[in-house]
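To start, the structure under review is shown below, and the notes come after it.
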Amino acid sequence: MRKAWDVLEETQQILERVQKFYYQPFTDHIVPFLHQAASNITIRMSQSEDTVDTDLVEAAIQKFRRSGHAAFIHSLPPARFSKTFSYMLYDAGCKLFRLRDRQGGVSTSTASESATEVRIRMTNLLTGLERVGLGQENAQRALAHAMNKLLDTFISSHYLKVDWYTRTSVVSDLRSWIENGFCPLVELVMECLRCDSVTTQPLQLKQWQEMALARLGRARVGNLFDFVINWDQSLGAILDLKVCMNTLQ
């Protein structure tokens, strides 16, 4: 799936060229005619010429653009697009946060790309996809799937491994990442896709933190037998579990 970025970038570039090809005649020949027609209507309605002219022409342009975007959406296989889009977002998150799944499920190398380069490439791709109408519901559902998977990967990553040395809880690290890493990434993606709600609300932040704590708690319960055997070096894991349970209660 390393080619997901390339596939989406190529798709976006092709659709943007097609969009420009079809929009140019519309802009050159139809829009001037619409301005003239709108001016005639304005005279009959005795309203502000600039306001009526702009509103009517802009409405026609938006309708034409929506029709083109609908054609683009229907021209792509929805399941494949959603899967590719979701993986791209997930891969971007793994690269940005330097994630590696300790269970062997994920191995992302970031040696060739800095976090800044990944962020710039991702935002350029997302804004490009939004320009050709591919930032709608399918993209937002793919975002939800990608962020759900990213959260699981972070919890199973080296960042939240049991602290066998200082024997302290890692819950504060998880809370900090949700607030200062996970949420800003979601907000950035939603801003690029021009979603209605961009800023994370306190209630939503609390819900994400509780969801993360529940998953951390399940992960610790799954290895509870090992923690009992290795007591008291496993005190950190028990404290993680205690905080998770108390918070969720």
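The values are calculated or read from the model by the stated rules, or taken from the named source; none is laboratory data. Keep in mind that this is a model prediction, so the values were computed, not measured. Counting neighbours? That spans all protein chains shown, and the Cβs are built from the backbone with ideal geometry, glycine included.
Data overview
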quantity	calculated
Positions within the stretch 227-244 being loosely packed, with under 13 Cβ neighbours inside 10 Å and not β-branched (Val, Ile, Thr), in sequence order	Trp231, Asp232
Verdict on Leu188 being surrounded by fewer than 18 Cβ atoms within 10 Å (Cβ to Cβ), over 19 Å from Arg100 (Cα atoms) and not small (Gly, Ala, Ser)	yes
Lone unmet requirement of (1) at pLDDT 80 or above; (2) farther than 17 Å from Leu8 by Cβ; (3) surrounded by 12 or more Cβ atoms within 10 Å (Cβ to Cβ); (4) not basic (Lys, Arg) for Thr116	(3)
Subset of the stretch 189-210 that is aliphatic (A, V, I, L, M) and in contact with a helix residue (DSSP H, G or I) (Cβ under 7 Å, 6 or more places away or on another chain) - its residue that is nearest to Tyr90 (Cα to Cα)	Val189
Looking only at the stretch 71-82, and only at residues there that are closer than 21 Å to Met190 by Cα and touching a residue at least 40 places away in the same chain (Cβ under 8 Å), the one that is farthest from the chain's Cα centre (by Cα)	Phe72
The stretch 129-160, residues that are over 15 Å from the mean Cα position of the chain (by Cα) and more than 25 Å from Arg100 (Cα to Cα)	Arg131, Val132, Gly133
Candidate set: the stretch 188-207, residues that are in contact with an Asp or Glu (Cβ under 9 Å, 6 or more places away or on another chain) and touching a residue at least 12 places away in the same chain (Cβ under 8 Å); chosen: the one nearest to Val118 (Cα to Cα)	Cys192
Of residues in the stretch 216-238 being assigned to a helix (DSSP H, G or I) and within 32 Å of the chain's Cα centre (by Cα), the one modelled with the lowest pLDDT	Gly222
